[in-house]
1. Can you tell which of Glu31, Glu46 is surrounded by fewer than 16 Cβ atoms within 10 Å (Cβ to Cβ), more than 25 Å from Tyr121 (Cα to Cα) and not polar (S, T, N, Q)?
2. Within the bounds of the stretch 87-101, is there any residue that is modelled with pLDDT under 75, hydrophobic (A, V, I, L, M, F, W, C), crowded, with 16+ Cβ neighbours inside 10 Å and in contact with a His (Cβ under 8 Å, 6 or more places away or on another chain)?
3. Check off (1) touching a Cys at 6+ places or on another chain (Cβ under 7 Å); (2) closer than 19 Å to Lys69 by Cα for Lys113 and give me the number that stays unchecked.
4. Being modelled with pLDDT of 95 or more, closer than 30 Å to Glu31 by Cα, touching a helix residue (DSSP H, G or I) at 6+ places or on another chain (Cβ under 6 Å) and surrounded by 15 or more Cβ atoms within 10 Å (Cβ to Cβ): is that true of Ile197 here?
5. Just need a number here: residues in the stretch 112-153 that are of a type in the set (Lys, Arg), under 17 Å from the mean Cα position of the chain (by Cα) and closer than 17 Å to Asn74 by Cβ.
6. Please tell me if Ile186 is among the β-branched types (Val, Ile, Thr), more than 15 Å from Leu117 (Cβ to Cβ) and modelled with pLDDT under 90.
Amino acid sequence: MVNIYKSKSVYLVSTINMALREVYNFYRRMEDEHVILSFKGEFSAELLTSILHLMESKMVELEIPLQMKKRVFNVLVECFQNLYHHIEVPNGEPELHASRNAVLVMVKYVNRKIMVLTGNYIPKESMADLKRKLILVNKLDEKELRELYQQRLLNNSVSLQGTAGLGIIDIARKSKNKLGYEFIGINDDYSFFCLNIVIE
C-alpha cells in the first residue's frame, strides 16, 4: 500500500528543490551575462531614484570614469521619461492592464561598456512614429545629432507624448552608438518595445 502522505512530502521536497535550482540557474545566467542591475515592476519616480543610487554604487565599484558615469545617468533618465510617455494600456485589455505600469530595466557591464536594456508595452498605432525616430537617429553622426537636437529645441516641438523625439536623440548622442530595438507583437493592438543602448 502506498503511503500517500509520504508521497506528497517527497513531491513537495522535489518541487522546492526544483524551484531552488531555478533560482541558482537564474543567478548563474545573470552572472554569465554580466548583469549588474535588473528590475521588472511598476514604474514610479522612486524607482528611477533607487536605480540611480544603485548604479552610482556599482559604477564606483567598477571604477567607471566620471564622464562615462554622467552619460549613463543621462541615458537612464531619458529612458525612464520615454518609458513614462509610452505606458498607455487601456482598461479593455485585462492581461495588459495588470502590467500597464510595469517596465523592464536591465543594465549590463561587458568589455568596459555599459548596456542599458528597457522594455514596455506600446500601442501598435504608436509604433510607426517611434520606429521612424529610431531609424532617423541611427542614420546620423554625432554632429548631425547635435544639430537636430538644437533644431528641435528651437522649434519647441512638444506634443501630448512629450517632446518630439528629443529623448531618443539625446540617448543616441550620449551613448555615441547606434540604438538597438525590436517590436514584439503581443496581439492585434499592442507590441512589446525593447530598446538596447550601449555606452562606452
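The values are calculated or read from the model by the stated rules, or taken from the named source; none is laboratory data. Being a predicted model, the structure only gives us computed values, none of them experimental. Quick reminder, even Gly has a Cβ in these numbers, built from the backbone with ideal geometry, and neighbours come from all protein chains shown.
1. None of the others qualify; the one that does is Glu31.
2. Looking through the stretch 87-101, at least one residue is modelled with pLDDT under 75, hydrophobic (A, V, I, L, M, F, W, C), crowded, with 16+ Cβ neighbours inside 10 Å and in contact with a His (Cβ under 8 Å, 6 or more places away or on another chain).
3. Result: Lys113 passes all but (1).
4. Considered against the rule, which asks whether it is modelled with pLDDT of 95 or more, closer than 30 Å to Glu31 by Cα, touching a helix residue (DSSP H, G or I) at 6+ places or on another chain (Cβ under 6 Å) and surrounded by 15 or more Cβ atoms within 10 Å (Cβ to Cβ), Ile197 comes out as yes.
5. Residues in the stretch 112-153 being of a type in the set (Lys, Arg), under 17 Å from the mean Cα position of the chain (by Cα) and closer than 17 Å to Asn74 by Cβ: 1 in total.
6. Yes.
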